[in-house]
Amino acid sequence: MLRLAYLYRNLTRNPMRALLTCAAVALPIAIYVLSMSVVDGVNRFLDNSARQLRLAVTHRSSIINPLPAGYRAKIESLDPTRTRLLSVCGIDWIGGKIEGDPRPLSTLGADHDTFVQTFPEYRLTPEEIAEWNRDRRAIIVGAAAARQFGWKVGDRITILPSLPPYQPMEFRVISTAPRAEDPLTLWFHRQYLVEARKQAGWEEERVGFYFIKCASQADLDHFRVAIDELFANTPDETKTQDEKAFMNEFITQQFNLPRNLTILAAVTVFVAVMAAANTMSMNFRDRLNELATLKAMGFRGTLISAIIQAESLFLCAVGGLLGAAGPYVAFNHTPLRDFTVPLIQQLDVRAATCGKAMLMAVGISVLAALWPAWLAARMNVVAALRSLE
Amino acid sequence: MSGTDIVLQDVRKVYYKDRLEIPVLEGLDLRVDAGDFVALMGPSGSGKSTLLHLIGGLDRPTSGQVRVGQAELHRMSERQLTAWRSRHVGFIFQMYHLVPVLTAAQNVELPLLLFRMPARQRRQRVQVALDVVGLGDRMDHRPNQLSGGQEQRVAIARAIVTDPDVILADEPTGDLDAATSSEILDLLRLLNSEFGKTIVMVTHDPRAAARSRRTLHLDKGVLDREELHAATPTGAGA
Ligand SMILES: Nc1ncnc2c1ncn2[C@@H]1O[C@H](COP(=O)(O)OP(=O)(O)OP(=O)(O)O)[C@@H](O)[C@H]1O
Ligand SMILES: [Mg+2]
């Protein structure tokens, strides 16, 4: 009881200091949890891409440089039987917005005849596939996007593209992709985009990039090389990579999210260590006489160190708990649940990430108490008492 | 040779400051029999605190022997000394050094945490110790709710709660007025006469020293003079 009372009283001795220290740990831990949740989301997204055995073909010079429309047929000719190279799908990104709504969309036009085979993970029903093939204004909207914008199957929606033709395009929602991994992307017929562009005066048809579904990993490896060889020494050379590498490059080119977030998390955790270490050092100095007296009474240096460690642990654990539980509750049990991160995923704050964050808090507490605990362990009672006279 | 007598033989204590030798004790001999109450006087800087620290196992001599009861302190490691202190000595300081956030009872209980002892027994001991110093009714007061004299009583209770053989007091009345000092000295005398504690007390105050059984004078690193106040009854001497 006295041990606990002593711990508790020491912590509440300077309530403002304790509170600020808890906050100084809680905030970085929260940032760590959020950052790592995004990074994990990106990695899950990339892992999903890897499972799909797809190649992405882009212009060699830059991802934003489009390729000739005729490349699809040339690529298909590499395997006319369509047994190893299952499908080729030309894709154009138009981003887009809904009129009067600032939230950006991730809208892509795809060759409608090969979309279903290239992206089987959407697991569209036969009825949805029939609708997709029948209506040239069909659009498949990601589940989270549908929830955010309140879209249902059958709704007519108007999207203003971020790229040519820069004029509103009308669509009809034929699926909210309830079984897809990707909850954000919107898919429509690329042919519709080509026509809209023609009407607006863009004559030449080019394609942003091609996605190619392969039958096996061996085929994937084969065509990755074969396609680039096919277009070597032409004005539009290609760069073919697997979907994971493509997505990774895309994400890192756009924001380098994983790396920047990891750095952010590391820096804030370091700040937490410094804040907590400062508190523990101040606590130590403020109580030097008391600790020296304890040692004179026969408390071993290691025991006094343990007292300091315990205080540090308690402060940091409370901070860590708040910092980890905050985002967990917010992103699992409040409307923030539907918060989405651009291009990636819903922010999925998992218990495992919070658990890791709690371990970090424990680590912070150990580091924070390291210096005062060391001083306490080797404190010379006589010198300490003398310094107080 | 029975009980816990204190014997120092040819004790030297040298401090080093920037490789400069600062000799404080130079071949000091001292004998305090079990149950004695000795006052230690001397000019400032003469080494009184240093001597007290040596007797209490807070520090070790540069050379010479320090024996307290069976314990040969000059041979013991830091760790052994720490363990020894918890059982055999109680310290009383001029500035009390109580934990400000704990109650009087909790402060007195602290040293008992080093013993395997049921909580009930600990509380009982704390109660007895506080009764002895006359603060049985102030168990739940915090140091800042007590007067200086009362704080020093709590510190004394804390020093005796483990029932040590030796009590070492470094200017225990240095911060108190005459009347309060006198009460504290009465208490020390009581501990000595009724409970048989061996006491060594450093003081600057001749009236305080006169309340002990004998006064030793420390000067230039050795004990050069001794006065006996054998028959001084409680409260006289002043
Ligand atoms: N760590 C140290 N390094 C150098 N010199 C020291 C050290 N500790 C003590 N001294 C010196 O040793 C001498 C004795 O100190 P000590 O504290 O024992 O004296 P004291 O008799 O208790 O004095 P006071 O009456 O002022 O308390 C002093 O001259 C002091 O400066
Ligand atoms: Mg002194």
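On a per residue basis, the protein assembly as shown carries 45 Å² of accessible surface, using protein heavy atoms and a 1.4 Å probe. Comparing each chain alone with all protein chains together (probe 1.4 Å, DNA, RNA and ligands left out), the residues of the stretch A:367-389 losing at least 50 Å² of accessible area are A:Val382, A:Leu385, A:Arg386. Say we join alpha carbon atoms closer than 10 Å with springs in a Gaussian network model of chain B; which of B:Ala159, B:Ala169, B:Ala119 then has the biggest fluctuation? The residue with the greatest mean-square fluctuation here is B:Ala119. Using C-alpha pairs below 8 Å separated by at least 6 residues, the relative contact order for the stretch B:1-143 is 20 percent. Taking amide H as placed 1.01 Å from N in the peptide plane, B:His229 has its amide H under 5 Å from the amide H of B:Arg214, B:Thr215, each at least 5 places away in sequence or on another chain.
Geometric descriptor of the stretch B:71-163, per residue, is 103 Å³ (volume of the convex hull of the Cα atoms). In this simple spin-label model, placing a label point 7 Å from the Cα along the Cα-to-Cβ direction at both B:Leu20 and A:Thr302 gives a separation of 3.9 nm.
For a quick check, take a GNM of chain B with Cα springs below 10 Å and name the residue from B:Arg116, B:Arg189, B:Arg214 with the largest mean-square fluctuation. In the Gaussian network model the winner is B:Arg116.
The slack between A:Glu203 and A:Thr234, meaning 0.36 nm per residue of separation minus the straight C-alpha distance, is 9.0 nm. Close amide-amide hydrogen proximity is noted between B:Val14 and B:Val24, B:Thr62, each under 5 Å apart and 5 or more residues distant or on a separate chain (H modeled in the peptide plane; Pro and chain starts excluded). When the Gaussian network model of chain A links Cα atoms closer than 10 Å, the mean-square fluctuations of A:Phe119, A:Phe45, A:Phe231 top out at A:Phe231. If you take all other residues with their beta carbon under 12 Å from the beta carbon of A:Asn248, and give Lys and Arg +1 and Asp and Glu -1, the sum is -2. Helical runs (DSSP H, four residues minimum) scored at -39500 (n - 2.57) apiece and divided by the length of the protein assembly as shown put the mean residue ellipticity at 222 nm at -15000 deg cm²/dmol. Accessible area drop of at least 30 Å² (1.4 Å probe, protein heavy atoms): which residues of the stretch A:5-40 qualify, relative to the chain alone? Listed by number, the residues meeting the 30 Å² cut-off are A:Tyr6, A:Arg9, A:Arg13. Summed over both chains, the accessible area lost when A and B associate is about 2300 Å², using a 1.4 Å probe. For the stretch A:236-389, rounded, prolate or oblate, judged on the Cα gyration tensor with a ≥ b ≥ c (square roots of eigenvalues), a/c < 1.5 rounded, else prolate if a/b > b/c? Prolate, since a/c reaches 1.5 and a/b exceeds b/c. Under a model in which nothing but the beta-carbon of Lys, Arg (+1) and Asp, Glu (-1) is charged, chain B shows a dipole of about 720 debye around its Cα centre. So what's the projected area for chain A, the Cα convex hull averaged over all directions, in nm²? Orientation-averaged projected area of the Cα hull: 26.0 nm². Taking other residues whose beta carbon is less than 15 angstrom from the beta carbon of B:Leu228, and scoring Lys, Arg as +1 and Asp, Glu as -1, yields +1. Mean per-residue shielding of peptide B:108-116 is 4, counting Cβ atoms of other chains within 10 Å of each Cβ.
In plain terms, if you count all Cα to Cα distances in the stretch A:66-235 and split them into 5 Å steps from zero, the share in each step is 1, 8, 17, 20, 18, 16, 11, 6, 2, 0 percent. Peptide A:157-164 has a mean shielding of 0, counted as Cβ atoms of other protein chains within 10 Å of each residue's Cβ.
The mean number of Cβ atoms from other chains found within 10 Å of a Cβ in peptide A:285-298 is 6, as a whole number.
Using the Karplus relation 6.51 cos²θ - 1.76 cosθ + 1.60 with θ = phi - 60°, the per-residue 3J(HN,Hα) values for the stretch A:363-375 come to x, 4, 5, 5, 4, 5, 8, 3, 5, x, 5, 5, 4 Hz, with x marking Gly and Pro. Under the criterion of Cα pairs below 8 Å and six or more residues apart, the relative contact order for the stretch A:66-235 equals 33 percent. Per-residue accessible area (protein heavy atoms, 1.4 Å probe) orders B:Ser181, B:Ser77 as B:Ser77, B:Ser181, starting from the largest.
Note that the stretch B:218-228 has calculated 3J(HN,Hα) couplings of 9, 8, 6, x, 9, 7, 10, 7, 9, 10, 9 Hz, one per residue in order, obtained from phi through the Karplus relation 6.51 cos²θ - 1.76 cosθ + 1.60 (θ = phi - 60°); glycine and proline are x. Annotation: the antiparallel percentage among DSSP beta bridges lying fully within the protein assembly as shown is about 70.
Can you send over the carbon and sulfur percentage of the accessible area for chain A, probe radius 1.4 Å, protein chains only? Ligands and nucleic acids excluded, carbon and sulfur reach 61 percent. Spread over its residues, the convex hull of the C-alpha atoms of the stretch A:1-132 is 278 Å³ per residue. Compared with the dominant Cα axis of chain B, that is its longest principal axis, helix B:78-88 is turned about 50°. Relative to the longest principal axis of the Cα atoms of chain A, the long axis of helix A:15-51 lies at roughly 30 degrees. Axis angle, to the nearest 10 degrees, between helix A:257-286 and the longest C-alpha principal axis of chain A: 10 degrees.
Pairwise Cα distances in chain B exceed 21 Å in 56 percent of cases.
Solvent-accessible surface of protein heavy atoms, probed at 1.4 angstrom with all chains present, puts A:Met280, A:Met36, B:Met95 in the order B:Met95, A:Met36, A:Met280, largest first.
Taking amide H positions as modeled 1.01 Å from N, with prolines and chain starts lacking one, the residues under 5 Å from B:Val202 and 5 or more places away or on another chain are B:Leu40, B:Ala169, B:Asp170, B:Glu171.
The values are calculated or read from the model by the stated rules, or taken from the named source; none is laboratory data. Here the structure is a predicted model, which means the values were calculated and not measured. When we count neighbours, we look across all protein chains shown, and the Cβ atoms used for this are built from the backbone with ideal geometry, even at glycine. SASA here: full protein model, heavy atoms, side chains in, ligands and nucleic acids out. Shrake-Rupley method; radii C 1.70, N 1.55, O 1.52, S 1.80 Å.
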